[in-house]
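S.K.: Dropping the structure in here first, questions after.
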Amino acid sequence: MSTDVPPPPPHDSIQADLDENDDPHALNSLSKFTLFETKSRFYITASTADTHRVLKIDRTDPTVLNVVEDATVYDSAELDLLLRMVQDGNKSQGGLEKVLEFHGIVGFVKFTAGWYLILITKRSVVGLLGGHYIYHCDETTLITIASKSERTAQETKMLHTFQHVDLTKNFYFSYSYDITNSLQTNLTVSPSNRRWNTRFMWNHYLLSPAFDLEDPKGRSKWVLPLIYGFLDQAKINVFTRTVYLTLIARRSRHYAGARFLTRGANEHGHVANEVETEQIVSEPLSTPFGTRNKSDDVHPLSDYGAGYGAYTSFLQYRGSIPVMWHQESNQMTPRPPIEITIKDPFYTPAAKHFDDLLGRYGAPIFILNLIKSRETVPRESKLLAEYGQCVEYLNQFLPEGKKMTYIAWDMAQAAKSGHQDVMGVLEDICEEALQATNFFHGGPARNEVGTSPHRDKPLLQHGILRVNCVDCLDRTNAAQFAIAKRAFGHQLYALGLIGTPHLPFSCDAVDVLTEMYHDHGDTLAWQYTGSALVNRVDTYRRTKAAQWSSHSRDLLENIRRFYNNSMLDADKQSAINLFLGVQPSPPTYDLARPNYKQWFTPSHLEEPKSDELAPINQVYKEYYKPHILSQFGRLYAFTMNSTTRFHAKPKNEMLASPFESRVSAELGSPATHYSSTHRVARRWAVPVPVPGSTSLSTQQSSNIPQSDDQPKHDHHTQAHTHNHPPHPLETMVASLLNPPDLDKRIKDYEWYTQYHSSEELESNTIGEEKDLQLYIKVSKLFQGEFDHQHDSESNNMNIFNQYTTNTNTNTNTNVNSLGLGLNPSNWLSTTNTNDNLLINKDESAITSVDITKLDELGKVNLGYYENWLKSNVAQ
């Protein structure tokens, strides 16, 4: 029982928490809200423990929203005195009445008439991180602010559309933990510099009229950000230790909507179905995250207990292909054709998108493209070619070491063929990405010191693995699970819980992760398409559960998707646009475009920085509630889902490790065999030094050939530096981008544009002379080859005549008969081998050439060349 509930923090941490002054930049921990009303105002009181705050909302003018924050912090006696004074002051107008108790303010909204106040009335605990509770929004209410209001038909219609966005499904919030940012951001960026990530704040439009959401120094205590996505948490019991696995998916509010109505990227670089998934693995030995002990000569960082060493985090990303494409949804077909709407030669939307990713996650970016490459009727393959060209174009301008790595792999074909280890290949991709981007660990490595260098400082993730298919649903979720499984092993290895970062499939820990990602994929699929996943993880593992039993379910989900996409998506899109404050308008393409070369922001390529492990405000009283009697049955940490509930085990197996396989030898995948060594990517990943260590060692890569079944890498996008000279293609591309003879090219182009209208065209001295010189030069080159093969000039001429007799003509005779004014002995002479001699010695012969006979001369030379070529081939 003691392992299920986090123990109290050390005494010094408790005392520091009790004595520490309230950080003006820290998040609030207000959790109890009460709404009072008078005829002219709403009064909202919020409290935690013994501190209280007051918010005032004016009700006199229904068209104007006037919200006033009282900066005074009240204790219980002062708050009671304030409420009595308000009661006495409004007795003539009905006094002060208590309306309801609630759990948070979602925001304010106005349609055509007055303003509305949206409140959270029910909540449930779904997560716990460092003593900070994370809640799910279970019920909301909408209250009219104005004391008197009349609803028109248009107002009622818009209100009904607004309520189509169900705030009781998949909306999450926390009072004291910034759920819009990743764990790495929360623990490494100080509160004075940390902003809310408004990309994932779905009530941003609803809170903007009343509060400043951009300036971290002006952060309001009343702002309660809501994220939309998925959140789940479970315990893994490891003998006497407890590991917490948390999965958080944050859906972007930019370019959000239904499946066929939001595709690709918009002109601002925002992509459809954009979701950031964070996987947190922790072993909290105390309730708070930890202490910010700084290393010095006297007290160096120890292996256990320094910083936030009990917490690890791994981020991955999914989003639609960032080019401008769409599918027409009004056709009665379940798979509408894919059309690329705009062919931008500079790929401006993609440039803005990847620059934003570099700013948020850093470099390098790994791109895993899972769309089909072989189709009878091209659909997805159109996007495959366009996406590959896009990444190749943008990648040429990034500096070495920061380039994007592009991996295109037809996952559907690989799973259908049955000859490829789909999960193993995906794990290898994750291994390569982890070697380059790392993951977040708040302290030194806790694994045993072996042959590899031991990491003695925190590890930061810099870079992101971006996964996509066409819909970013079925294939993407299966791929993200395989990637998460490999990252899960590395996180457990960093915490010192296992001796190798490899985890078999048939173990309790992976079973928990599998169920989490099934729910994760189903939830995101319902939000985007209105149906659950069609192809689950078992489909690509080719297990027995994925055979005939899933066919009927897949058919049902396909029918449900088709119905929702055809009939319900328009209303769903209208509701989302109204909720997020999106005004539908035709796209504007006259926006500011980045430089076609430097499309990225240079500061986004800098190495990640840490604010010396930033503090997190403590919530000792809020978590332990010392003023009330607590029961184990009502504590979330005690009732949380765990590995002991997944499989009924006999008594002799109750103490079995959750990281060991339940079967003696697993079948089907080479990736599942146990390995006692530190695995690297087995097929094509490039080993790199162990990150985060003071002494870096170079690992030798094994020379294993790459097979045709493995993912195709874009070798122009590898983020590895090389010492060998540049490739000739690179030199050619550089010369094309920056030609040394630019002035001459400009003059030649000007001549070319004016050539068709030039009066000199009829003078027979421009193009014809150049053609004649070309013919003569080619003939002399051929003649030079004959001299190389034969010693005498007479034999050379005999061979020449032999090859030209097939045309029933004699070369010398034909040349003379043309009347071109050329001396055949000079023209075909082998005595003049000077490269500068391009024509015969008699320069006056050129001016006496009969240009009308030029074509006949060309035919003679062409016939001579063809016969000469045939003879050489025959020999």
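The values are calculated or read from the model by the stated rules, or taken from the named source; none is laboratory data. Model, not experiment: these values are computed from the prediction. Here Cβ is always computed from backbone atoms with ideal geometry, including for glycine, and neighbour counts include all displayed protein chains. Just so you know, the surface numbers come from the protein's heavy atoms only, side chains and all, with ligands and any DNA or RNA stripped out. Shrake-Rupley method; radii C 1.70, N 1.55, O 1.52, S 1.80 Å.
S.K.: Which residue pairs have Cβ atoms closer than 7 Å, lie 6 or more positions apart in sequence or on different chains, and pair a first residue in region 69-91 that is within 12 Å of THR45 (Cβ to Cβ) with a second residue that is in a helix (DSSP H, G or I)?
M.R.: TYR74/LEU82
S.K.: Could you tell me whether any residue of region 73-92 is open to solvent by less than 70 Å² (accessible area, probe 1.4 Å), touching a helix residue (DSSP H, G or I) at 6+ places or on another chain (Cβ under 8 Å) and aromatic (Phe, Trp, Tyr)?
M.R.: Yes, that holds for at least one residue.
S.K.: Against the definition (surrounded by 12 or more Cβ atoms within 10 Å (Cβ to Cβ) and over 30 Å from GLN233 (Cα atoms)), how does GLU139 come out, yes or no?
M.R.: no
S.K.: Only residues in region 142-170 that are on the phi > 0 side of the Ramachandran plot count as the first member; pair them with residues that are surrounded by 15 or more Cβ atoms within 10 Å (Cβ to Cβ) and among the hydroxyl-bearing types (Ser, Thr, Tyr), Cβ under 8 angstrom, at least 6 apart or cross-chain, and list the lot.
M.R.: ASN170/TYR228; ASN170/THR523
S.K.: Continuing with the same structure: Which of the residues belonging to region 162-200 are closer than 24 Å to VAL109 by Cα and among the basic types (Lys, Arg)?
M.R.: Within region 162-200, LYS169, ARG195, ARG199 meet the criteria.
S.K.: Just to be sure, is SER124 surrounded by fewer than 14 Cβ atoms within 10 Å (Cβ to Cβ), touching a Phe, Trp or Tyr at 6+ places or on another chain (Cβ under 8 Å) and either free of Cβ contacts under 8 Å to residues at least 12 places away in the same chain or within 29 Å of ASN577 (Cα to Cα) (or both)?
M.R.: Answer is yes for this residue.
One line per residue, one yes/no per condition, for (1) modelled with pLDDT under 90; (2) in contact with a Leu (Cβ under 6 Å, 6 or more places away or on another chain); (3) open to solvent by 10 Å² or more (accessible area, probe 1.4 Å):
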position	(1), (2), (3)
ARG379	yes, no, yes
MET404	no, no, no
GLN413	yes, no, yes
GLY450	yes, no, yes
ARG455	yes, no, yes
VAL467	no, yes, no
THR476	no, no, no
PHE481	no, no, no
ALA487	no, no, no
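S.K.: I would also like to ask the following. Among the candidates LEU183, LEU226, which residue alone is aliphatic (A, V, I, L, M) and either under 23 Å from GLY309 (Cα atoms) or touching an Asp or Glu at 6+ places or on another chain (Cβ under 8 Å) (or both)?
M.R.: None of the other options fit; the residue is LEU183.
S.K.: Looking at PRO594, PRO670, can you tell me which residue is at pLDDT below 65 and open to solvent by less than 90 Å² (accessible area, probe 1.4 Å)?
M.R.: PRO670
S.K.: OK, next. List pairs: first residue in region 733-744 and farther than 13 Å from PHE397 by Cα, second residue modelled with pLDDT of 75 or more anywhere in the structure, Cβ distance under 7 angstrom, at least six positions apart or on different chains.
M.R.: Every condition considered, the pairs that remain are PRO739/ARG745.
S.K.: Would it be correct to say that PHE366 is part of a helix (DSSP H, G or I), under 14 Å from the mean Cα position of the chain (by Cα), under 18 Å from VAL323 (Cα atoms) and among the aromatic types (Phe, Trp, Tyr)?
M.R.: Considered against the rule, which asks whether it is part of a helix (DSSP H, G or I), under 14 Å from the mean Cα position of the chain (by Cα), under 18 Å from VAL323 (Cα atoms) and among the aromatic types (Phe, Trp, Tyr), PHE366 comes out as no.
S.K.: Right, something else. Looking at (1) more than 44 Å from the chain's Cα centre (by Cα); (2) not in a loop (DSSP other than H, G, I, E, B), which is the one condition that is false for SER147?
M.R.: Every condition holds for SER147 apart from (2).
S.K.: I need the full set of residues from region 101-114 which are open to solvent by 40 Å² or more (accessible area, probe 1.4 Å) and of a type outside the set (S, T, N, Q), in order please.
M.R.: GLU101, HIS103, LYS110
S.K.: I'm trying to understand the selection: among the residues of region 33-58, which are assigned to a loop (DSSP other than H, G, I, E, B) and more than 21 Å from ARG84 (Cβ to Cβ)?
M.R.: Result: ALA49, single match.
S.K.: Would you tally the residues in region 171-224 being part of a loop (DSSP other than H, G, I, E, B), within 20 Å of PHE314 (Cα to Cα), touching a Pro at 6+ places or on another chain (Cβ under 9 Å) and open to solvent by 10 Å² or more (accessible area, probe 1.4 Å)?
M.R.: Within region 171-224, residues that are part of a loop (DSSP other than H, G, I, E, B), within 20 Å of PHE314 (Cα to Cα), touching a Pro at 6+ places or on another chain (Cβ under 9 Å) and open to solvent by 10 Å² or more (accessible area, probe 1.4 Å) number 3.
S.K.: Considering only residues of region 246-270 that are at pLDDT 95 or above and β-branched (Val, Ile, Thr), which is farthest from the chain's Cα centre (by Cα)?
M.R.: THR246
S.K.: Suppose we keep only residues that are assigned to a helix (DSSP H, G or I) and small (Gly, Ala, Ser) within region 415-427. Which one would you say is modelled with the highest pLDDT?
M.R.: Ranking the candidates gives GLY424 first.
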